[in-house]
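Novice: Just passing along the structure, written as structure tokens.
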Amino acid sequence: MKQKTALITIFAVSIFGLIFSGVLTYQELFTTTAVTCPAPGAPGTVFGYPACVYGFFMYLIILIISGLGLFKKNSP
């Protein structure tokens, strides 16, 4: 697999993951489930936040890094 093809694949997967975890994060933090969300330290949370919040930021970092590699200008 070529480097550019790999970067495009990683970029596309990170966009999908960012959207998916973003929707879950929004539902957990800003809808009616936020009222029924477990207390900090309860099972299903990490440092008081649902795991989807951390997934969102991890996918965001992967998107940024792969985007920088994909859209950088090649120096001669």
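Novice: Counting Lys +1, Arg +1, Asp -1, Glu -1, what net charge surrounds L70 among other residues with beta carbon under 13 Å of its beta carbon?
Specialist: Local net charge: +4.
Novice: Another one. In nm, to one decimal, how far is the modelled label at I19 from the one at I64, with both set 7 Å along Cα→Cβ?
Specialist: Distance between the two pseudo-spin positions: 2.2 nm.
Laboratory data are not the source of any read-out in this text; all were calculated from the coordinates shown. Because the structure is predicted, anything quoted here is derived from the model rather than measured. Positions of Cβ are backbone-derived with ideal geometry, glycine not excepted, and every protein chain shown enters the neighbour counts.
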